[in-house]
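What follows draws every value from the coordinates through simple rules; no lab data is involved. What you are looking at is a predicted structure, and each value in this text was computed from that prediction instead of being measured. Glycine also receives a Cβ, built like all others from the backbone with ideal geometry; neighbour counts cover every protein chain displayed.
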Amino acid sequence: MKKIYTFLILFFLTGIMQAQDRPQPKPGNAPVVNIKKPQTFVLSNGMKVLVVENHKLPRVSFTLTLDNAPFTEGNKKGVDELTSSLIGNGTKKTTKEAFNEEIDFYGANINFTSQGAYASSLSKYSGRVLELLAEGALQPNFTQTEFDKEKAKLLEGLKADEKSVPAISNRVVDVLAFGKNHPNGEYLSEETVKNVTLADVQNNYNTYFVPENAYLVVIGDIKFKEIKTAVEKLFSGWKKQVAPKNTYPSPVNVSNLQIDFVDVPNAVQSEISLVNTVNLRMSDPDFFPAVIANQILGGDFNSYLNMNLREQHAWTYGANSSIGSGKYVTKFKASSAVRNTVTDSAVVQFIKEIKRVRTERVDPEVLRNVKAGYIGRFVMQVEKPQAVARYALNIETEKLPADFYEKYIQTINNVSADDIYRVANKYFLLDNMRIVIVGKGSDVISGLEKLQIPINYFDKYGNPVEKPASKKEAPKDITAKRVFENYINAIGGEKAVSAVKTLYMNGSTTVPQAPTPLTFTSKLDSKGKMMVSLSMGTVNLMKQVVNEKGAYVEQQGQRKNLEGEDLADMKANATPFEELQLAKRTDLKVEGIEPINGNDAYVIKDGKTKYYYDVKSGLKTAESKVREQGGKSVEQITNFNDYKEVKGVKVPFNLVQNVGFELDIKMSDIKINEGVSEKDFL
């Protein structure tokens, strides 16, 4: 089956992402902020309650947080996530349906996790909403039916992440940085999730959902005495218990700068992450200097990394960095996704910018702007109940001075260029840093080797492996014609495939920054006609059409007729199964065998397009095309998954396109020789 034409979809999506990623205006002078101190009391079971009266608006929020130490789950990793999913699905007193209906009736918002709960509502309903929060948190009803549903959803999500380059990168970064036996290095797998039982969830809840380290923060239009009485009534019966406190060896950073490479043969972008572990508490004198140093390096749009990799070189949608903080070990991480062809160059620029912040004193104007922006964001948060709750909680759990947030602005303004230099050398450990790269080895390894940085190789779970093999030669008797014919036979045979006159596909996908899923529709006619559209609800966002007169695209009410290479590409795409024609050509050859999506595939090149066909099944697994975009060559790849039979012909119900990020299109309905009419192509 022909890939979905992606050039114009890419143009549309690029517009969405660029609109969301423009530099923000410089903030003005920050006002003096006043953060009201909470009134507190402690229940006999150990739960501490913090109450902040604020009568400006008739609303109340409740935040219950369990400040437990991290713990490992071993061969049952997933039990805590399943516990989070099941809390709130009804209680021992109230069914799931009745519980949710009452929440909706009050217009309230309630969420539960294994680490606590959150609720907000109008103050006139706050008494009943607090009762519902307490009931949901303290009397969850874990049923086998709900457990099976949530477990199936979790397993389905893992399958979706199996070939996701960003998901693989995030997993391997943590495995290598912390180790598999550390709470931060553990990862979910199909095997560990399948090991979890309903009894494990109940035991996890009984062990860790306890009041000793619990904090309830109440903010809003309430009176302290009234809320104290209500909380004591609802939570005093919570049995006193202490969660286990386990200790783990501190992760050790590597002794030298190194590249840790994970080969994902279907990747058209490389996920690059430079990472080292850090121990940085909010109470440390280094906290604010480290935060501002990170903003300068990669935390802001105008940061060193983003200005270099995105604005100067146009290699990525964005490059950034982050530094964790808290009572437990975290990490510093600088990262970006770049095109395969510039992976080695991007690594050089990452190193350059980290060296820059470690060796050059930051420009006073840059430092002033970064501090002003950070202060501005803080001031904007101060009026939000959730932020105030977080501040109150941080003072308790992080053992901060009572005036920490009153002095917040002053402390930031006191950060100097010398402070930035000092903490950059202390926390951005370039000489002890891992450069974790997840990408297509056959495209990028040779370039990385020229950097003369030691390279280690790992699989997608962080296990050491040998250097991936390069492309293999195909057997001499395997011709392009034979590969195309094998594909046609694999999906149903020439007779059945030739009988397909129209192909209708309907599904959905999500894109970054879009508030809701998009509906994807494709209609193809064997006479060379095509219509593809993306819509959000009833609003058509983009439509592209090929008919006997030519081709055009409609977007936001604007219509553009296509010409030249764009027109030729669109016409080439306007056929349900192009292999029927490709099999007749004598100029195409099998270039070799490459691993893709975990299996070997024959590779056939036709100009700027490459076709990949699974050696064993014969099915098309991927198709890539190199396009010129912004004066640069960009490879776009479509992966074909989940083949199912429709009227005797197998078609993929899942298309995953890499257009700067992964566009995962899941088909809900595919029809052959129905659902398509001539008016679709007008």
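With 20 Å as the limit, write out which pairs from Lys571/Lys679; Lys527/Lys671; Lys481/Lys671 have Cα-Cα distances beyond it, or answer none. Numbers along the way, then the final one.
Working: Lys571/Lys679 18 Å; Lys527/Lys671 17 Å; Lys481/Lys671 28 Å.
From the list (Lys571/Lys679; Lys527/Lys671; Lys481/Lys671), the Cα-Cα distance tops 20 Å for Lys481/Lys671.
D for the stretch 112-217, whole µm²/s, Stokes-Einstein with Kirkwood Rh over alpha-carbon pairs at 4 °C and 1.567 mPa s: what number?
Here the translational diffusion coefficient equals 78 µm²/s.
For a quick check of your reading of the filter: which GluC sites (Glu not before Pro) in the stretch 337-445 sit in a DSSP loop and have no more than 15 other Cβ atoms within 10 Å?
Qualifying residues, ordered by number: Glu360, Glu383, Glu406.
For the stretch 291-351, report the convex hull volume of the alpha-carbon atoms normalised per residue, in Å³, without decimals.
Details: hull volume 5.0 nm³, N = 61.
Roughly 82 Å³ of hull volume per residue.
Test of understanding: what is the full-extension gain from Ser668 to Val252, defined as 0.36 nm times their sequence separation minus their Cα-Cα distance? Spell out each step's value before the answer.
Details: separation 416, 0.36 × 416 = 149.76 nm, distance 4.73 nm.
Length difference between fully extended and current span is 145.0 nm.
Once you have the alpha carbon radius of gyration of the stretch 397-505, what is it after dividing by 2.2 N^0.38 Å, with N set to its residue count?
2.19
Using a basic spin-label model with each label point 7 Å from the Cα along Cα→Cβ, how many nm lie between Lys180 and Asp642?
Between Lys180 and Asp642, the label points sit 2.9 nm apart.
List Val382, Val210, Val201 from most exposed to least, where exposure is judged by having the fewest other Cβ atoms within 10 Å.
Values: Val382 15, Val210 21, Val201 28.
With the sparsest Cβ surroundings first, the list reads Val382, Val210, Val201.
In what sequence do Tyr487, Tyr208, Tyr461 fall when counting other Cβ within 10 Å, fewest first?
Lowest count first: Tyr461, Tyr208, Tyr487.
For log10 I(q)/I(0) by the Debye sum over Cα atoms at q = 0.06 Å⁻¹, the choices are [x] -0.43; [y] -0.38; [z] -0.47; which was calculated from the structure?
Given [x] -0.43; [y] -0.38; [z] -0.47, the structure-derived one carries the label [x].
Given a cut-off of 20 Å, name the pairs among Lys472/Lys650; Lys327/Lys399; Lys36/Lys371; Lys616/Lys647 whose C-alpha atoms lie farther apart than that in the structure shown.
Numbers: Lys472/Lys650 28 Å; Lys327/Lys399 10 Å; Lys36/Lys371 24 Å; Lys616/Lys647 23 Å.
Flagged as over cut-off: Lys472/Lys650; Lys36/Lys371; Lys616/Lys647.
Report the relative contact order of the chain, percent, no decimals, based on alpha-carbon pairs under 8 angstrom and at least 6 residues apart.
Details: 1318 pairs, mean separation 100.8, N = 682.
Contact order relative to length: 15 percent.
Which residues in the stretch 443-477 have a backbone N closer than 16 Å to a point placed 7 Å from the Cα of Lys355 along the Cα-to-Cβ line?
Under 16 Å, as judged by backbone N against the label point of Lys355, lie 450-454 of the stretch 443-477.
In degrees, nearest 10, range 0 to 90: what is the angle between the Cα axis of helix 165-178 and the longest Cα principal axis of the chain?
Between the helix axis and the principal axis of the chain, the angle is about 50 degrees.
Just want the ordering: Lys194, Lys239, from fewest to most Cβ atoms lying within 10 Å of their own Cβ. Could the numbers behind the result be given before it?
Values: Lys194 12, Lys239 9.
So the residues, fewest neighbours to most, are Lys239, Lys194.
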